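See structure below.
The values are calculated or read from the model by the stated rules, or taken from the named source; none is laboratory data. Computed from a prediction, not measured in an experiment: that's the story for all the values here. Quick reminder, even Gly has a Cβ in these numbers, built from the backbone with ideal geometry, and neighbours come from all protein chains shown.
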Amino acid sequence: MDANADSRDMTRQRVFQILEHGRRREPASRAIDWVLIGLIVANVAATVAMTVPDIAARHSAGLQIFDRFCVAVFALEYIARLWTAPDHPMLRGRTASNARLRFAATPLMIIDALALLPLLLEVLFPFHAVVLTRLVRFLKLARYSPALATIGRVIAGERRALLACVVIFVGVLLAAAAAMHAVEGGLQPDRLGDMPKAMWWAAAMLAKIGGSETTPVTTLGSLIAAITVMLGIGCFALPVAIIGRGFYEEIRRRDFVVTFAMVASVPLFARLDAASIAELVTILRARTVPAGTTIIRKGDRGDAMYLIASGAVDVDAPAGKVRLGEGDFFGEMALLSQEPRSATVTATRSADLLVLDADDFRRLLDRLPDIAENVRLVAHKRITSPAPST
Ligand code: CMP
């Protein structure tokens, strides 16, 4: 009985690793990702094709069967994700059913559930238009688009600057509408006679960069319209520039996307609570280095500690070469002792590294004494014993 439960737990953990891939480069999870991406794209294409009468007349049965097949695969995927939820590090410590309930309420799982809904709708309301609800499946691709998550993070990070843009936009809109209403309100009462009408005109001028059907009839009106159009360009360029710069900085900071599961799978962080892991996800930088790259040079000043998400590195320690692999960390000694780097570290294989900057490292150690103790212990062992230690 116990053996059965153990093997079921192990299978569940394995399925979780494949589906949520905390560490990259696993062929099984890559293969499943690509199959699902292929099915989503093909399903959306088939839904679009079904609306063409010619294609629908000839291939309706085939497309229908294909759709049912996709739904079956998506349903299986949904059930598997829900089943493995208790293994998610974010939901550690909860009962299985509680973990599944919480997991079902996460945005990506809600999208997955929505993708299954059209079949139910088609059965309940067999109208032609209902078929188009299948297009919601396109949103499933969000899971596979790390850039989308990055944009979300950028928008959240720049919310104050973006809010300022909204305030500026509304200010310009009100000023332009008031000026136009004052100058031409009497001449064009049906279009500029009251503030709501004038605001509609101003919004059209700001957003469409000209081209409103209301043309000014006075010279002053034309001048106001021209200024409004120019301010409109500025109003739209500002948020684009803010998001663009934030996006560039995020991308430069991260060669790959740091996921919750990836951080939680680092042994050093294994016992952290969900909130601390979530915080680490935002402060760790991600860097991919090709084989042969020197990551740390002996004698340099220490500016960061590194955790190996995948790949391997060689440490040129005084007592001989030491190989470190997935889950290990290095570069902690210089940060702890404030002395120069004690050894040169080179990537033996292409490696995905999580980089913790010196300031963040210090803050982390201050806040989490358990981790500080662990890091100091490993550093001490590395100094005192030449044998590989992590
Ligand atoms: P630091 O001195 O900052 O930079 C070089 C790093 O190599 C060092 O931190 C350790 O993380 C690592 N290192 C040094 N000696 C050993 C060792 N004997 N075993 C494993 N790692 C080591």
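In this structure, is Leu135 in a helix (DSSP H, G or I) and crowded, with 16+ Cβ neighbours inside 10 Å? Can you show your working first?
Details: in a helix (DSSP H, G or I): yes; crowded, with 16+ Cβ neighbours inside 10 Å: no.
Considered against the rule, which asks whether it is in a helix (DSSP H, G or I) and crowded, with 16+ Cβ neighbours inside 10 Å, Leu135 comes out as no.
Can you name every residue in region 138-163 that is without any contact (Cβ under 8 Å) to a residue 40 or more places away in the chain, assigned to a loop (DSSP other than H, G, I, E, B) and surrounded by 14 or more Cβ atoms within 10 Å (Cβ to Cβ)?
Matches in region 138-163: none.
Hey, among the residues in region 67-113 that are within 23 Å of Ala149 (Cα to Cα) and of a type in the set (Asp, Glu), which one's modelled with the lowest pLDDT?
Taking the candidates together, the pick is Asp87.
Of Leu91, Leu63, which residue is out of contact with any Lys or Arg (no Cβ under 7 Å at 6 or more places or on another chain) and more than 14 Å from Gln17 (Cα to Cα)? Steps first, please.
Numbers: Leu91 fails: out of contact with any Lys or Arg (no Cβ under 7 Å at 6 or more places or on another chain).
Matching residue, one of Leu91, Leu63: Leu63.
Answer yes or no: is there a residue in region 323-345 that is surrounded by fewer than 15 Cβ atoms within 10 Å (Cβ to Cβ) and hydroxyl-bearing (Ser, Thr, Tyr).
First, the residues of region 323-345 that are surrounded by fewer than 15 Cβ atoms within 10 Å (Cβ to Cβ): 323, 337-340.
Keeping just the survivors that are hydroxyl-bearing (Ser, Thr, Tyr) gives 337.
Yes: one or more hits.
Tell me which residues, restricted to region 265-278, are part of a helix (DSSP H, G or I) and at pLDDT below 85. Working first, answer last.
First pass over region 265-278, keeping only residues part of a helix (DSSP H, G or I): 267-269, 274-278.
Passing the criteria: Ala274, Ala275, Ala278.
For the structure I just gave you, tell me whether Ala379 is touching a Leu at 6+ places or on another chain (Cβ under 6 Å) and either within 10 Å of the ligand (Cβ to nearest atom) or among the β-branched types (Val, Ile, Thr) (or both).
Values: touching a Leu at 6+ places or on another chain (Cβ under 6 Å): yes; either within 10 Å of the ligand (Cβ to nearest atom) or among the β-branched types (Val, Ile, Thr) (or both): yes.
Yes.
Could you please find all residues in region 344-357 being at pLDDT below 95 and small (Gly, Ala, Ser)?
Listed by number, the residues that qualify are Ser350, Ala351.
Go through the residues of region 349-359 one by one and say whether even a single one is within 9 Å of the ligand (Cβ to nearest atom) and not charged (D, E, K, R). Talk me through it step by step, then tell me what you get.
Just the residues of region 349-359 that are within 9 Å of the ligand (Cβ to nearest atom), to begin with: none.
No: region 349-359 contains no residue that is within 9 Å of the ligand (Cβ to nearest atom) and not charged (D, E, K, R).
Considering Arg12, Arg94, which residue is surrounded by fewer than 18 Cβ atoms within 10 Å (Cβ to Cβ) and in a loop (DSSP other than H, G, I, E, B)?
On the way: Arg12 fails: in a loop (DSSP other than H, G, I, E, B).
None of the other options fit; the residue is Arg94.
Give just the number: which of (1) under 26 Å from Ala275 (Cα atoms); (2) more than 20 Å from the chain's Cα centre (by Cα); (3) surrounded by 12 or more Cβ atoms within 10 Å (Cβ to Cβ) does Met109 not satisfy?
Going through (1) under 26 Å from Ala275 (Cα atoms); (2) more than 20 Å from the chain's Cα centre (by Cα); (3) surrounded by 12 or more Cβ atoms within 10 Å (Cβ to Cβ) one by one, Met109 breaks only (2).
Can you find even one residue in region 248-263 that is farther than 30 Å from Pro290 by Cα, of a type in the set (Asp, Glu) and either more than 36 Å from the chain's Cα centre (by Cα) or not in a helix (DSSP H, G or I) (or both)?
Applying the first criterion (farther than 30 Å from Pro290 by Cα) to region 248-263 yields none.
Scanning region 248-263, I find no residue that is farther than 30 Å from Pro290 by Cα, of a type in the set (Asp, Glu) and either more than 36 Å from the chain's Cα centre (by Cα) or not in a helix (DSSP H, G or I) (or both), so the answer is no.
Would you confirm whether or not region 329-339 contains a residue that is near the ligand (Cβ under 9 Å from one of its atoms), in a loop (DSSP other than H, G, I, E, B) and at pLDDT 95 or above? Give the steps one after another, and end with the answer.
We begin by selecting, within region 329-339, every residue near the ligand (Cβ under 9 Å from one of its atoms); these are 329-337, 339.
With in a loop (DSSP other than H, G, I, E, B) added as a condition, the list becomes 331, 339.
Add one more test, that the residue is at pLDDT 95 or above, and what stays is 331.
Yes, there is a match, as at least one residue in region 329-339 is near the ligand (Cβ under 9 Å from one of its atoms), in a loop (DSSP other than H, G, I, E, B) and at pLDDT 95 or above.
Restricting attention to region 299-328, report how many residues are near the ligand (Cβ under 7 Å from one of its atoms) and touching a residue at least 40 places away in the same chain (Cβ under 8 Å).
Within region 299-328, the first condition is being near the ligand (Cβ under 7 Å from one of its atoms), and the residues that meet it are 302, 315, 317, 319, 322, 324.
Now restrict to residues that are touching a residue at least 40 places away in the same chain (Cβ under 8 Å): 302, 317, 319, 322, 324.
Qualifying residue count for the region: 5.
Search region 305-322 for residues being under 14 Å from Ala291 (Cβ atoms) and modelled with pLDDT of 90 or more, and hand back the single one that is surrounded by the most Cβ atoms within 10 Å (Cβ to Cβ).
Here is the first cut: in region 305-322, the residues under 14 Å from Ala291 (Cβ atoms) are 308, 310-314.
Now drop any that are not modelled with pLDDT of 90 or more, which leaves 308, 311-314.
Details: Ile308: 22, Gly311: 21, Ala312: 16, Val313: 26, Asp314: 16.
Taking the candidates together, the pick is Val313.
Just a yes or no: is a residue in region 283-294 assigned to a strand (DSSP E or B) and either within 12 Å of the ligand (Cβ to nearest atom) or in contact with a helix residue (DSSP H, G or I) (Cβ under 6 Å, 6 or more places away or on another chain) (or both)?
yes
Here's the yes/no breakdown for (1) buried (at least 19 other Cβ atoms within 10 Å of the Cβ); (2) farther than 26 Å from Ala379 by Cβ:
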position	(1), (2)
Phe247	no, yes
Pro267	no, no
Ala278	no, yes
Ile296	yes, no
Gly302	yes, no
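Need the failing condition index for Met262 against (1) at pLDDT 90 or above; (2) surrounded by 20 or more Cβ atoms within 10 Å (Cβ to Cβ); (3) of a type in the set (A, V, I, L, M), just the number.
(1)
Based on what the data block shows, is Ala177 modelled with pLDDT of 95 or more, among the small types (Gly, Ala, Ser), buried (at least 18 other Cβ atoms within 10 Å of the Cβ) and part of a helix (DSSP H, G or I)? Reasoning before the result, please.
Numbers: modelled with pLDDT of 95 or more: yes; among the small types (Gly, Ala, Ser): yes; buried (at least 18 other Cβ atoms within 10 Å of the Cβ): yes; part of a helix (DSSP H, G or I): yes.
The answer is yes for Ala177.
Residue under question is Phe127, and the condition is that it be on the phi < 0 side of the Ramachandran plot and modelled with pLDDT under 90; does it hold? Walk me through how you get there before you give the answer.
Values: on the phi < 0 side of the Ramachandran plot: yes; modelled with pLDDT under 90: yes.
Judged against the criteria, Phe127 is a match.
Which of the residues spanning region 341-369 are part of a helix (DSSP H, G or I) and under 29 Å from the mean Cα position of the chain (by Cα)?
Ala358, Asp359, Asp360, Phe361, Arg362, Arg363, Leu364, Leu365, Asp366, Arg367 - these are the residues of region 341-369 that are part of a helix (DSSP H, G or I) and under 29 Å from the mean Cα position of the chain (by Cα).
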